[in-house]
Every structure is written in C-alpha cells, then in structure tokens.
C-alpha cells in the first residue's frame, strides 16, 4: 500500500507541484489550502503517513498547525516537513522546536524533497 502524504500550502501552484512530484513517486496525496483545512483533512484521513506544510498561510499558519498536530496523540509521531519561503534562523528554530522533523526553504529541489520524504518514511 502506498504511503499517504498531506500537503498544506495556501499557494495552489505549490500544492499542485508538490502533489505532482509525490504522486509521480507513487504516494497517495491529499492537499489542503491552510492549517485549518489541513487539520480537517488530517482528522478525516487518519492514515496520513507524512505532512508537508508551508508556514505563511491565512486562517491558521504553519506554526499553529504543527503545534496542533503534535498535541494529538494519534499524530504525534507523523513526520512533518516544513516547506517555506521563511528561511530565517528563528523561523527554522521555531518550526523544529514545535515538532517539524525537517525544514526546507523554497524553492526546494524536487529530488531533495523526494529524498528527504523517503528518508523520513523509512
């Protein structure tokens, strides 16, 4: 059975691009347009194996989203990859301290993203 990835990003272009890359690698993909939508999709798809999330999003930003995911026992160990334009050290530190496993700065090379996703999924 293929692994299930939740992609959370307010940019439709980024969502579609990352979804295309992940589907090409054989992953099942669900997309969400902000953190709130991401939580709703996560709660209705308990089989999510990994999350890729942006930081700057309306309604609920990525930091709040990550914190909310990590507060849920069921999702505490689901790997989270941040994919964001926010590359300042304090943003990276905040993402990691809230529970992200990896923080990549956009634009990330597709090969690097795939390699890291596969590594985190073991």
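Listing for the model above:
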item: Residue 121, sole failed condition from (1) surrounded by 12 or more Cβ atoms within 10 Å (Cβ to Cβ); (2) more than 21 Å from residue 30 (Cβ to Cβ); (3) out of contact with any helix residue (DSSP H, G or I) (no Cβ under 7 Å at 6 or more places or on another chain); result: (2)
item: Count - residues of the stretch 37-67 that are in a helix (DSSP H, G or I), farther than 22 Å from residue 106 by Cα and within 13 Å of the chain's Cα centre (by Cα); result: 3
item: Hits in the stretch 1-32 - residues which are in contact with a strand residue (DSSP E or B) (Cβ under 8 Å, 6 or more places away or on another chain), under 18 Å from residue 61 (Cβ atoms) and assigned to a loop (DSSP other than H, G, I, E, B); result: 9
item: Residue in the stretch 95-115 that is nearest to residue 70 (Cα to Cα), counting only those that are in contact with a helix residue (DSSP H, G or I) (Cβ under 8 Å, 6 or more places away or on another chain) and in a loop (DSSP other than H, G, I, E, B); result: 99
item: Hits in the stretch 92-107 (condition: closer than 21 Å to residue 13 by Cβ and buried (at least 18 other Cβ atoms within 10 Å of the Cβ)); result: 103, 104
item: Meets criteria (in a strand (DSSP E or B) and either within 22 Å of residue 12 (Cβ to Cβ) or without any contact (Cβ under 8 Å) to a residue 40 or more places away in the chain (or both)) for residue 78; result: no
item: Hits in the stretch 4-28 (condition: farther than 20 Å from residue 103 by Cα and buried (at least 19 other Cβ atoms within 10 Å of the Cβ)); result: 27
item: Candidates 83, 50, 39 - the one that is buried (at least 17 other Cβ atoms within 10 Å of the Cβ), in contact (Cβ under 8 Å) with a residue 24 or more places away in the chain, closer than 13 Å to residue 9 by Cα and in contact with a strand residue (DSSP E or B) (Cβ under 6 Å, 6 or more places away or on another chain); result: 83
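Computed from the coordinates by the stated procedures, all read-outs in this text should not be read as laboratory data. A quick note: this is a predicted structure, and the numbers were derived from the prediction, not measured. In this analysis, Cβ positions are derived from the backbone assuming ideal geometry, glycine residues included, and neighbour counts consider all displayed protein chains.
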